[in-house]
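The next block holds one structure in the form of structure tokens; read it before the comments.
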Amino acid sequence: MYITLKDAIKKYGEGESLVYALDKANAEIDKGEICVILGPSGSGKSTLLNMLGGLDSLDEGTIIIGDRNISGYSKEQLTLYRKEDVGFVFQFYNLIPDLTVEENIEVVADIAEKPLDIDQVLEALDIEKYRNRFPRELSGGQQQRVAIARAMIKNPKILLCDELTGALDTKSSRHVLKFIEKINQEFGTTIIIITHNKAIADMADRVIYVRDGQVRENRMNSVKTAAADLQL
């Protein structure tokens with residue numbers, strides 16, 4: 001397996017206010033998969049995503065990415081891991097309002113070690129025609145595609161998506177998910193999506209269900225539904 005989470009524990013608070021965000025969680029994700037992580041609010045989904053992305057460290061347990069144990073990384077090593085290997089897409093797009101679409105993407109491309117060709121990324125996400133527009137001139141779905149392009153430009157091995165469609169209507173959600181599917185197929189990127197929307201799980205190779213800080217289910221989809229056909 002490409003990603004292995006073993007006996008992961010993450011605690012917050014102490015005494016009577018102690019909370020286990022992850023409580024001996026175990027999970028495996030293979031390279032090149034689309035993985036959807038489901039679970040109720042407070043289940044540990046976001047904590048799990050943060051750990052896989054190197055945004056925080058476990059209190060106990062291990063996270064193996066490829067042949068590397070990132071749970072033993074220093075802050076400096078985690079910073080380098082995030083810079084080189086991980087792309088993040090959040091529910092709120094965090095675009096720089098005074099920069100054009102192209103400039104928003106170039107900000108990341110300029111600090112990436114081996115960035116993709118910007119024209120290739122714009123074309124893959126069908127936003128080439130918006131390259132000189134500002135974020136305020138775009139719809140929510142278009143802004144989300146720019147956010148995905150910005151994450152993808154550095155050619156990450158793993159793309160982490162936090163409530164990717166949470167702020168979008170059904171039509172825009174379907175469009176964005178189609179482009180996520182296209183990125184997976186064209187670039188072989190391992191994509192992990194956390195969501196409350198169970199319908200999105202139908203497009204995944206793997207579905208992980210988290211509850212009370214534990215992975216209660218880790219299953220493969222025997223039959224995948226194309227993003228265009230999802231009943232959102």
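Separation of segment 168-232 and segment 76-139 by C-alpha centroid, Å?
22 Å
Please check: in the Gaussian network model of the chain (C-alpha springs, under 10 Å), which one of Arg136, Arg211, Arg145 has the largest mean-square fluctuation.
For the chain, modelled as a Gaussian network with Cα springs under 10 Å, the answer is Arg136.
With a 10 Å cut-off between alpha carbons and a GNM built on the chain, which of Val19, Val210, Val108 moves the most?
The residue with the greatest mean-square fluctuation here is Val19.
Out of Ala151, Ala25, Ala167, any idea which swings most in a Gaussian network model of the chain, alpha carbons joined below 10 Å?
Ala167
Show me, for segment 137-146, the HN-Hα J-couplings you get by feeding each phi into the Karplus relation (A = 6.51, B = -1.76, C = 1.60, θ = phi - 60°), rounded to Hz, glycine and proline as x.
Going residue by residue, I get 8, 10, 6, x, x, 5, 5, 5, 5, 5 Hz, with x marking Gly and Pro.
When only the heavy atoms of the protein chains count and the probe is 1.4 Å, how do Phe187, Phe179 rank by accessible area, highest first?
Output order, biggest surface exposure first: Phe187, Phe179.
Using a 1.4 angstrom probe with every protein chain in place, what is the largest-first accessible-area order of Tyr12, Tyr81, Tyr130? Show your work: numbers first, answer last.
On the way: Tyr12 100, Tyr81 5, Tyr130 30 Å².
Solvent-accessible surface, decreasing: Tyr12, Tyr130, Tyr81.
For Asp59, enumerate residues with amide H under 5 Å from its amide H, sequence gap 5+ or separate chain, H modeled in the peptide plane.
Ile9, Lys10, Lys11
When a/c is below 1.5 the answer is rounded, else prolate if a/b is larger than b/c, else oblate, so apply that to segment 38-96 with a ≥ b ≥ c taken from the square roots of the Cα gyration tensor eigenvalues.
oblate
222 nm [θ] for the chain, helices only, -39500 (n - 2.57) per DSSP H run of 4+, per residue, to 500?
-8500 deg cm²/dmol
Percent of accessible area on the chain owned by carbon and sulfur, 1.4 Å probe?
45 percent
Which value, in Å², gives the accessible area per residue of segment 75-154 when a 1.4 Å probe is used on the protein heavy atoms?
I get 52 Å² per residue for segment 75-154.
The values are calculated or read from the model by the stated rules, or taken from the named source; none is laboratory data. For clarity, every value in this text was computed on a predicted model and none was experimentally measured. Heads up: the accessible areas ignore ligands, DNA and RNA and are worked out on the full protein's heavy atoms, side chains in. Shrake-Rupley method; radii C 1.70, N 1.55, O 1.52, S 1.80 Å.
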